[in-house]
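**Q** One structure coming up, written as structure tokens, with questions to follow.
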Amino acid sequence: MRAPEVIETARLRLRRPRIEDAEAIFARYASDPEVTRYLSWPRHLSPDDTRAFLRFADEEWGRWPAGAYLVEAREHGTLLGGTGLAFEDPETAATGYVLARDAWGQGHATEALRAMVALARSLPVRRLYALCHPGHAASLRVLEKCGFVREASPVPSLFPNLSPAATADALSYVLAGG
């Protein structure tokens, strides 16, 4: 089963990214040090970094039932950020989200994550999880609001935007009952 390339929620349109989205992604969020601070992928230093990500995302869509999605405002089409499912095997996927600064605090992360939960439940995903830096309180609240529960064991993870070799014990959250 394949995921739809476009998902609409009350306020958002999530869609499969295209290579021509590179400049907008780079400008809106992927190059912003504050936005990428707690992410596990390095901040993009040029649109070429973003194009490399988009080629990878396209390969993932070819290999798995879903992949990365861009998050846009339904009303006016403004690019707000990104989300998606990253598969480890057919029944295990990680999820997450990133939003441009001007999209923070408006419930977009919760709405996008709920869409990813619904998508995972429509696919044969048995384990949906997310990793989160312990200092990212807003993201921890979003995960909990969407039905994720913290697992007992932290996961050593790399956070390249805090410092080149910054590691921390990421908090692992798994979708309850799923």
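The values are calculated or read from the model by the stated rules, or taken from the named source; none is laboratory data. None of these values were measured; they are calculated from a predicted model. Cβ placement follows ideal geometry from the backbone for every residue including glycine, while neighbour counts extend to all protein chains displayed. Side chains are part of the model used for accessible areas, which takes the heavy atoms of the whole protein and leaves out ligands, DNA and RNA. Shrake-Rupley method; radii C 1.70, N 1.55, O 1.52, S 1.80 Å.
**Q** Specify which labelled value, from (i) -0.87, -1.42; (ii) -1.20, -1.59; (iii) -0.85, -1.63, agrees with log10 I(q)/I(0) by the Debye sum over Cα atoms at q = 0.15, 0.20 Å⁻¹ derived from the coordinates of the model shown.
**A** (iii)
**Q** 5 Å is the cut-off here: which amide hydrogens, built 1.01 Å from N in the peptide plane, fall below it relative to residue 31, excluding neighbours closer than 5 in sequence?
**A** The list, which skips near neighbours in sequence, is 44.
**Q** Could you tell me which of rounded, prolate or oblate describes the range 103-159, using a ≥ b ≥ c as the square roots of the eigenvalues of the alpha-carbon gyration tensor, with rounded for a/c under 1.5 and, failing that, prolate when a/b is larger than b/c and oblate otherwise? All intermediate terms of the calculation are to be shown ahead of the outcome.
**A** Working: a/c = 2.06, a/b = 1.10, b/c = 1.88.
Here the range 103-159 falls in the oblate category.
**Q** Under a Cβ-Cβ cut-off of 12 Å, what is the net charge of the residues other than residue 97 that fall near it, where Lys and Arg count +1 and Asp and Glu count -1?
**A** Values: positive: 114; negative: 111.
Here the charged neighbours net out to 0.
**Q** Another question, then. In a GNM of the chain with a 10 Å cut-off on Cα contacts, which of 120, 27, 109 has the highest mean-square fluctuation?
**A** 27
**Q** Over the chain, what is the relative contact order in whole percent, taking alpha-carbon pairs under 8 Å and six or more residues apart? Mind showing how you got there, number by number?
**A** Numbers: 337 pairs, mean separation 38.2, N = 178.
Here the relative contact order equals 21 percent.
**Q** I've got another one for you. What whole number of Å gives the distance from the Cα centroid of the range 82-144 to the Cα centroid of the range 15-46?
**A** 17 Å
**Q** Pull out a ≥ b ≥ c, the square roots of the eigenvalues of the alpha-carbon gyration tensor of the range 64-151, then state rounded if a/c is under 1.5, prolate if not and a/b is larger than b/c, and oblate in the remaining case. Provide the component values of the computation, followed by the final result.
**A** Working: a/c = 2.04, a/b = 1.25, b/c = 1.62.
Oblate shape, in that a/c is at least 1.5 and b/c is the bigger or equal ratio.
**Q** How do the peptides 81-94, 42-55 rank, highest first, by the average count of neighbouring beta carbon atoms within 10 Å per residue?
**A** Ranking, from highest mean packing down: 81-94, 42-55.
**Q** Taking only protein heavy atoms and a 1.4 Å probe, what accessible area per residue, in Å², does the chain have with all protein chains in place? Don't skip to the end; give the middle numbers.
**A** Numbers: 8940 Å² over 178 residues.
That works out to 50 Å² per residue.
**Q** Here is a further query. What is the percent carbon and sulfur in the accessible area of the range 96-149, measuring with a 1.4 Å probe over the protein chains and ignoring ligands? Mind showing how you got there, number by number?
**A** Values: 1370 of 2510 Å².
Here it works out to 55 percent.
**Q** Of all DSSP beta bridges in the chain, what percent run antiparallel (nearest 5)?
**A** The antiparallel fraction comes to roughly 90 percent.
**Q** Here's another thing I want to ask about it. Pull up all non-local amide H partners of residue 84: gap of 5 or more, or a different chain, and H-to-H distance under 5 Å with H placed in the peptide plane.
**A** 69, 96
**Q** Find which of 160, 54, 86 sits farthest along the positive direction of the dipole of the chain, computed with +1 on the beta-carbon of Lys and Arg, -1 on that of Asp and Glu, about the Cα centre.
**A** Looking along the dipole axis, the top candidate is 86.
**Q** Using a 10 angstrom cutoff on alpha carbons, build the Gaussian network for the chain and name the most mobile of 96, 67, 135.
**A** Comparing 96, 67, 135 in the GNM, the peak value goes to 135.
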